[in-house]
Amino acid sequence: MRDNTDPVVRTGRREALIVVGIWLTAGIWSVTASYRLGYNRPVEELKLIWGFPEWTFWGVAVPWVVCVIISWIFGALFVHDADLGEELPEEADELGLGS
Amino acid sequence: MNNLPPALLAAGDTATMPSVGYGALIALVGFIFASLWIGALANRKTREGSFMTGFFLGNRGLGAWALALTATVQSGGTFMGFPSLVYTHGWIVALWIGGYIVVPITGFGILGKRLAQLSRRTEAITVPDLFRARFGSPALGLVASLFILLYLSFMMFAQFKAGAIVMKTAWPGSGVLSVNEDQKPFALSTNSLSALKEDRVPDSVIEKLTPLVGHGFSTERDLASQLKSLLTAEELTESKDRIVKRSKQLDRLYLYGLAIFSLTVVAYTLMGGFLAAVWTDMFQSVLMFFGVMVLLFASLHQAGGLENATRTALKNTGPGYVYGPGYDDRFEGPKAAPNAKTAPRLAYDAEVPREFLPLSLALSFFCVWVWSGVGSPASLVRLMASQNTQVIRRSIYLLSVYNLGIYLPLIVICICGRALIPELPGQTDEIIPRMALLSTKDWPGGSLIAGMILAAPFGAVMSTVSSYLVVLSSGLVRDIYQRFIRPQATPGELRKAAYLSMVFVGAVAVVVNISPVAYLQAFIVFSSTGSAATFLIPAIMACYWRRATVAGALAGMIGGASTVLSLYLLGILEKTPEQRIGQLTSFRPYYLCDVDPFLWGVLVSGLFSVGVSLLTSPPDEALVSKMFDKEPAK
């Protein structure tokens, strides 16, 4: 039965899982880095990188740029193009919506 | 830094307040005409193909730019609420918004392709349509449309009010630069205090009123009882009427604003339907991108670089400004002690600082932004309208670049803001407009650029309202009128019904906003979170799980919605102890285990959907096969 599954369902499901993986990785990175570098620290030790507090730089700015690159790679290479199918011709429209 | 005019440093002083002049008004009128023009353009495009898919779904022809720049949650909040949070709490807001780094990829990558396919197979025009056909259950479709109608009505009514108030404040000389979306009918600003001074209210009285600045009151009685506790009986009889008059937010100018705003939005949405909503949204987003870029360079220049800005902002505030869990003005600020004691309504314990973003909430928000973006009905509809898979792929990287270019710069601008304008008591919403005026004042044509940025919230509110209008009207026409009242309706009748429903919804919104109901705002706060918690899990199941049943999807919707609703009710009715985390608002949810209600909603929704699906008998194999298997060769 399953071999007959539409390819869009299969590739869609796989891509969705990859995306969830990316989300988890990004979340763990961002929150861990920010928490370790940015919570419960004395203000005297404040380090700035390009004007960002150290934790913002490593915990938000850098992962943000990385995610933009990953989005690019993912969108360009990983998403399978597919025919999404056509709508029924309007005469056959069950509700008579055709004009 | 030192050559700044002191006028701009002393925030809120009417006598020396930077003049907005006609810049904002010109920009606003420009927005209105541009939107009407776009509506007319969309009208022509809509006439290709059948009325329903044309008017409500743009003939499924959305290109990458349109999809990328409008499918995300962007409203007046982006340019008012969010900047105000950065200004108030500091760098930690970067982590609060951190989830946005993956929003483009999750928003389009998880459901995009499959949803676009399903909506074609089921010929769905609306989200309820899709559920109804995918599960073969009219009842499920009806429940979905009732939820959507309920949530969207609440969210839209509030936007009308925001639009009206922005119009009102754009009037030269109104002395206000920006407004909160949840503006209460009575509030005292520093401007109204100076106005009171002109009314010859004694200085001693004005001094006693200062702690009230920035707090809204739902009714005149609330305000009066607050005044009673602050003033002596004599002062009260003498100045009460003047104080009430000056704190009134909803007056004749507001009503004009409401009328102009409603007419514009309904008019262009009526002309162009879904496409008009999408195109105005896109126009607005592109304009804002340039606005933010200009403002970024101007404010970095003004503040002497980001490093300087961060250090100065830190000096103006306290250590919380550069570290987690965020800066608490009332606790660390120079005037913390007296303010904390006299601040009305907000039960505040000066001993314990408020944690804007403890670890639990940092984790929560990383999930909230991502998954509420995936599950919100407005973004589901946009995915259904996308042209093809190439468009979805390109949208992923377009949006990721766009978001990086909007949110990170906005944070930087507001940090510069805190360095250049050390304090804005009760008016932190005005930070972006103020920065716009401040940093463009020496430029040729600066007031127009500032005007454009001042008008930004208006544009954002307009495009939000018009997209809600489309969804609401499609819900009424497609899911109620055509399904249950008149299945045999002709295209002509459907067109008439669509126009009537939009005018009707617009009229109801105007009537509701002439004298806003006190507790409306509470439902709005709940609606945006609630709608995503209701539809996320059922939508994922509809796309990827063959075994999902009608009962499962139904249980998931109701479970998610009621969980979020009850956590909000617990917080709003103050049945639970005050929690010292998160944003300081009058409508707080109850953070069970310090976690955002949305996540509890999704968890319950997930358990219910999966559990009930497995307990009920499997769905009809023929139906599932039609949705999941290759289409038979023709």
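Measuring from label point to label point, each 7 Å out along Cα→Cβ, what is the B:A259 to B:R495 span in nm?
3.0 nm
List the accessible area buried at the contact between A and B, summed over both sides and calculated with a 1.4 Å probe, in Å² to the nearest 100.
Using a 1.4 Å probe, the pair buries roughly 6300 Å².
What does a probe at B:N308 reach in segment B:379-418, counting residues whose amide N is under 20 Å from the point 7 Å along Cα→Cβ?
B:409-418
List the residues, sorted by chain then number, that are 5 or more residues from A:Y39 or on another chain and whose placed amide H is less than 5 Å from its amide H.
Amide H to amide H, under 5 Å and 5 or more residues apart or across chains, A:Y39 pairs with B:G324.
Which whole number gives the average count of other chain Cβ atoms within 10 Å of the Cβ atoms across peptide A:11-17?
6
Treating only the Cα positions of segment A:7-81 as identical point scatterers, give the base-10 log of I(q)/I(0) from the Debye formula at each q in 0.13, 0.19, 0.24 Å⁻¹.
Calculated log10 I(q)/I(0) at the listed q: -0.51, -0.80, -1.04.
Suppose R0 equals 22 Å. What FRET efficiency, 1/(1 + (r/R0)^6) with r the Cβ-Cβ distance, do B:S204 and B:T237 give to the nearest 0.05?
About 0.90, to the nearest 0.05.
Residue by residue through segment A:40-54, which ³J(HN,Hα) values in whole Hz follow from phi under the Karplus form 6.51 cos²θ - 1.76 cosθ + 1.60 (θ = phi - 60°), with glycine and proline marked x?
Once θ is set to phi - 60°, the couplings for segment A:40-54 become 6, 10, x, 5, 5, 8, 4, 10, 10, 10, 6, x, 7, x, 3 Hz.
At a Förster distance of 45 Å, what's the computed FRET efficiency of B:L230 paired with B:H301, Cβ-Cβ distance as r, to 0.05?
Given R0 = 45 Å and the Cβ-Cβ separation, E is 0.55.
Between B:R44 and B:D442, what FRET efficiency comes out of the Förster formula 1/(1 + (r/R0)^6) with R0 = 60 Å and r the beta carbon distance, rounded to 0.05?
So, using R0 = 60 Å, E works out to roughly 0.85.
Could you give each residue of segment B:281-286 its phi-based ³J(HN,Hα) in whole Hz, using Karplus coefficients 6.51, -1.76, 1.60 with θ = phi - 60°, and x for Gly or Pro?
3J(HN,Hα) across segment B:281-286, in whole Hz: 4, 5, 3, 4, 5, 5.
Search the structure for amide H atoms under 5 Å from the amide H of B:D629, placed 1.01 Å from N in the peptide plane, and list their residues when 5 or more places away or on another chain.
HN-HN under 5 Å from B:D629: A:D6.
For segment B:115-158, list residues with backbone N below 14 Å from a point placed 7 Å from the Cα of B:E631 toward its Cβ?
B:116-124
Considering the options A:W58, A:V9, A:V19, tell which one lies farthest towards the positive end of the dipole of segment A:7-81, charges being +1 on Lys and Arg and -1 on Asp and Glu at the Cβ, about the Cα centre.
A:V9
List the trypsin sites (Lys or Arg not before Pro) in segment A:12-73 that DSSP assigns to loop (not H, G, I, E or B) and whose Cβ has at most 16 other Cβ atoms within 10 Å. Which are they?
A:K47
Whose amide H sits under 5 Å from the amide H of B:E355, counting only residues 5 or more places off or on another chain, with H placed in the peptide plane?
So B:E355 has HN proximity to B:I581, B:G582.
Got a number for the accessible area of B:V510? Probe 1.4 Å, square angstrom, nearest 10.
Roll a 1.4 Å probe over it and B:V510 shows about 40 Å².
Given a 1.4 Å probe and the protein chains all in place, what does the accessible area of B:W65 round to, in Å² to the nearest 10?
The value for B:W65 is about 130 Å².
The values are calculated or read from the model by the stated rules, or taken from the named source; none is laboratory data. Quantities reported herein were computed from a predicted structural model and do not represent experimental measurements. As a convention, Cβ positions derive from the backbone with ideal geometry for all residues, glycine included, and neighbour counts pool all protein chains shown. In case anyone asks, the SASA skips ligands and DNA or RNA and just uses the protein heavy atoms, side chains included. Shrake-Rupley method; radii C 1.70, N 1.55, O 1.52, S 1.80 Å.
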